[in-house]
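In what follows, a single structure is set out as structure tokens and then discussed.
The values are calculated or read from the model by the stated rules, or taken from the named source; none is laboratory data. These figures come from a predicted structure and were not determined experimentally. All Cβ positions, even for glycine, are placed from backbone atoms using ideal geometry, and neighbour counts span all protein chains on display. With ligands, DNA and RNA removed, areas are computed over all heavy atoms of the protein, side chains included. Shrake-Rupley method; radii C 1.70, N 1.55, O 1.52, S 1.80 Å.
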Amino acid sequence: MNRSKIGVFDSGLGGLSVLKELVAALPSEQFIYVSDAGHCPYGGKRASEITDRAEAITDFLLAQGARLIVVACNTATIAAIESLRASYAVSFVGMEPAVKPAAALTKSGVVGVLATGAALAGEKLHKLIERHAVGVRVLTQPCPGLVERVEAGAVDTDETRTLVRRYVSPLLKEGADVLVLGCTHYPFLRAVIQEQVGAEVALLDTGAAVARRTAAVWAAEQPSAALPGVGSLQLFTSGDVKNVSEVASQLWGSPLTVERLR
Ligand code: DGL
């Protein structure tokens, strides 16, 4: 029996923070990852443009043998996942910012959500806040420029620190003691963000939860999931192959080969 693959995509390399958790949860599976670096960032784009990109990437992943797709991008999940689910027969697993665990964890009663402008503009996040953060003040903070810093591999730099400080300062002033990393690029900035906010502020992301959900859907849908197999990873990008390979390897912590998205 041919093993089915799991497709994963993001506007860029942020989704590697989710892919790490997926590979840890499903080490025998074959993953195909698409970084849409040629169209990154998604954060300032209209929902219709993001949906067009999500559909083009989904067509590619399905043609490559993917039978489940993880939308490893909060912005694309908010803009496009409903339309993807309506248009394709495969299952899609999307991102959900950690508002619910943050509301459960806060002691000060103030939570901050860091995300892209497009993700914060979506109705989905506001519904999540209404449903799961009753009695908690949830402050949202768009963070333009942070995705680009990660895409450039400029994680540990003064410029990135300055940007992070600018975005977290108003939240800390209001008393936030939990920050939700509502964009899959931000876990790569975790050390820098933690350094700026101090050890007593908790930073939450949902990569591991998405990996658990993916493993459950995969086991329920794929008979091949129970077979022993050798895991593999293929990466494609719509951006510059050389740049993307370099930064992907840096973020992953070991060399990765990236191919041109056809
Ligand atoms: N990683 C994407 C997210 O989770 C970044 C979106 C962007 O390209 O602006 O939202």
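Being part of a helix (DSSP H, G or I) and of a type in the set (D, E, K, R) is the filter; apply it to region 5-24 and report the residue that is nearest to Ser254 (Cα to Cα). Spell out the reasoning first.
Taking region 5-24 as the starting set, the residues that turn out to be part of a helix (DSSP H, G or I) are 16-24.
This time we only want the ones that are of a type in the set (D, E, K, R), so: 20-21.
Working: Lys20: 12, Glu21: 15 Å.
Of everything passing the filter in region 5-24, Lys20 is nearest to Ser254 (Cα to Cα).
Which residue pairs have Cβ atoms closer than 6 Å, lie 6 or more positions apart in sequence or on different chains, and pair a first residue in region 34-62 that is in contact (Cβ under 8 Å) with a residue 12 or more places away in the chain with a second residue that is open to solvent by 50 Å² or more (accessible area, probe 1.4 Å) and away from the ligand (no atom under 12 Å from the Cβ)?
none
List the residue pairs whose Cβ atoms are under 9 Å apart, where the first residue sits in region 80-92 and is part of a helix (DSSP H, G or I), the second is among the basic types (Lys, Arg) and open to solvent by 30 Å² or more (accessible area, probe 1.4 Å), and the two are 6 or more positions apart or on different chains.
Listed by first residue and then by second, the contacts come to Ala80/Arg53; Ile81/Lys124; Glu82/Lys124.
Residue by residue through region 20-39, note down the ones that are buried (at least 24 other Cβ atoms within 10 Å of the Cβ), within 16 Å of the ligand (Cβ to nearest atom) and not aromatic (Phe, Trp, Tyr).
The answer is Leu22, Val34, Ser35, Asp36.
Looking at the structure I just gave you, is Lys100 open to solvent by 30 Å² or more (accessible area, probe 1.4 Å), modelled with pLDDT of 95 or more and more than 16 Å from the ligand (Cβ to nearest atom)?
yes
Write out, first by first residue and then by second, each pair whose Cβ atoms fall under 9 Å of each other, whose residues are 6+ apart or on separate chains, and whose first residue, in region 140-164, is touching a residue at least 60 places away in the same chain (Cβ under 8 Å) and over 26 Å from Glu174 (Cβ atoms) while the second is part of a loop (DSSP other than H, G, I, E, B) and open to solvent by 60 Å² or more (accessible area, probe 1.4 Å).
Listed by first residue and then by second, the contacts come to nothing, as the list is empty.
Modelled with pLDDT of 95 or more, buried (at least 18 other Cβ atoms within 10 Å of the Cβ) and aliphatic (A, V, I, L, M), is that true of Leu125? Spell out how you get there, then give the answer.
Working: modelled with pLDDT of 95 or more: no; buried (at least 18 other Cβ atoms within 10 Å of the Cβ): yes; aliphatic (A, V, I, L, M): yes.
It is false that Leu125 is modelled with pLDDT of 95 or more, buried (at least 18 other Cβ atoms within 10 Å of the Cβ) and aliphatic (A, V, I, L, M).
For Thr162, all conditions in the list (1) open to solvent by less than 40 Å² (accessible area, probe 1.4 Å); (2) among the hydroxyl-bearing types (Ser, Thr, Tyr); (3) more than 16 Å from the ligand (Cβ to nearest atom) hold save one; what is the number of the exception?
Result: Thr162 fails condition (1) only.
Quick grid of which residues meet (1) of a type in the set (Ser, Thr, Tyr); (2) buried (at least 20 other Cβ atoms within 10 Å of the Cβ); (3) at pLDDT below 95:
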{"residue": "Lys107", "(1), (2), (3)": "no, no, no"}
{"residue": "Ala154", "(1), (2), (3)": "no, no, no"}
{"residue": "Thr157", "(1), (2), (3)": "yes, no, no"}
{"residue": "Gly175", "(1), (2), (3)": "no, no, no"}
{"residue": "Val180", "(1), (2), (3)": "no, yes, no"}
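May I ask you to list the residues in region 25-52 that are more than 16 Å from the chain's Cα centre (by Cα), within 21 Å of Val258 (Cβ to Cβ), of a type outside the set (S, T, N, Q) and not in a loop (DSSP other than H, G, I, E, B)?
Across region 25-52, the qualifying residue is only Gly38.
I'm trying to understand the selection: among the residues of region 40-53, which are surrounded by 22 or more Cβ atoms within 10 Å (Cβ to Cβ) and away from the ligand (no atom under 12 Å from the Cβ)?
Those that are surrounded by 22 or more Cβ atoms within 10 Å (Cβ to Cβ) and away from the ligand (no atom under 12 Å from the Cβ): none in region 40-53.
Identify the residue in region 69-96 that is at pLDDT below 95 and more than 9 Å from the ligand (Cβ to nearest atom) and, among all such residues, is farthest from Val217 (Cα to Cα).
Within region 69-96, the match that is farthest from Val217 (Cα to Cα) is Ala79.
Before we move on, is Ile6 more than 10 Å from the ligand (Cβ to nearest atom) and surrounded by 24 or more Cβ atoms within 10 Å (Cβ to Cβ)? Spell out the reasoning first.
Working: more than 10 Å from the ligand (Cβ to nearest atom): yes; surrounded by 24 or more Cβ atoms within 10 Å (Cβ to Cβ): yes.
Against the criterion (more than 10 Å from the ligand (Cβ to nearest atom) and surrounded by 24 or more Cβ atoms within 10 Å (Cβ to Cβ)), Ile6 qualifies.
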